[in-house]
Amino acid sequence: MNISDPFGRMQKRRERDYISLRESLKEAGLTSRTAARELQQNMKKRCKTGLMIIAPFALLMAAIFPEAWMFSVLFGALICLWLLKTSSAGVDYVERYIKEELADSDDDPTVF
């Protein structure tokens, strides 16, 4: 039994999320390891781009509205944390997809 998830609800939710992503990737025709690696890189790039937009915007809003600076900074930080968490989970799910579904793909030169 896991203390932080005693009834397994989070694990079940993560599994449902992965299955949903796996089915979406199959429907999209993602069948090669290189394409999956490119998807991971694009996900990381989008996360960085989002952070580079959200953080300065939150700070700008804090400067424009000094009476609501705490709200602006807190809201910006929450959005950044959400973006980091969802992007990280997405990259992890794609990595799992590569290991489980594309293990027999021969288009990756690093596989012997």
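The values are calculated or read from the model by the stated rules, or taken from the named source; none is laboratory data. As the structure is a prediction and not an experimental result, all values here were calculated from the model. Neighbour counts run over all protein chains shown; Cβ positions are idealised from the backbone, glycine included. Just the protein is used for accessible areas: all its heavy atoms, side chains included, with ligands, DNA and RNA removed. Shrake-Rupley method; radii C 1.70, N 1.55, O 1.52, S 1.80 Å.
Check segment 95-109 and report whether any residue there is of a type in the set (Val, Ile, Thr), surrounded by 11 or more Cβ atoms within 10 Å (Cβ to Cβ) and touching a residue at least 60 places away in the same chain (Cβ under 8 Å). Checked against the condition, which is being of a type in the set (Val, Ile, Thr), surrounded by 11 or more Cβ atoms within 10 Å (Cβ to Cβ) and touching a residue at least 60 places away in the same chain (Cβ under 8 Å), segment 95-109 yields at least one hit. Take LEU60 and decide whether it is closer than 29 Å to ARG14 by Cβ and in contact with a helix residue (DSSP H, G or I) (Cβ under 9 Å, 6 or more places away or on another chain). No; evaluated as a whole, the condition is false for this residue. State which residue is farthest from ALA89 (Cα to Cα) when the search covers only segment 39-59 and only residues that are open to solvent by 50 Å² or more (accessible area, probe 1.4 Å) and within 14 Å of the chain's Cα centre (by Cα). Here the residue is THR49. Is one or more of the residues making up segment 80-102 part of a loop (DSSP other than H, G, I, E, B) and of a type in the set (D, E, K, R)? No, that holds for no residue. Considering every residue within segment 66-82, establish whether at least one is under 18 Å from the mean Cα position of the chain (by Cα), within 26 Å of ILE98 (Cβ to Cβ), open to solvent by 80 Å² or more (accessible area, probe 1.4 Å) and touching a residue at least 40 places away in the same chain (Cβ under 8 Å). Checked segment 66-82: no residue is under 18 Å from the mean Cα position of the chain (by Cα), within 26 Å of ILE98 (Cβ to Cβ), open to solvent by 80 Å² or more (accessible area, probe 1.4 Å) and touching a residue at least 40 places away in the same chain (Cβ under 8 Å).
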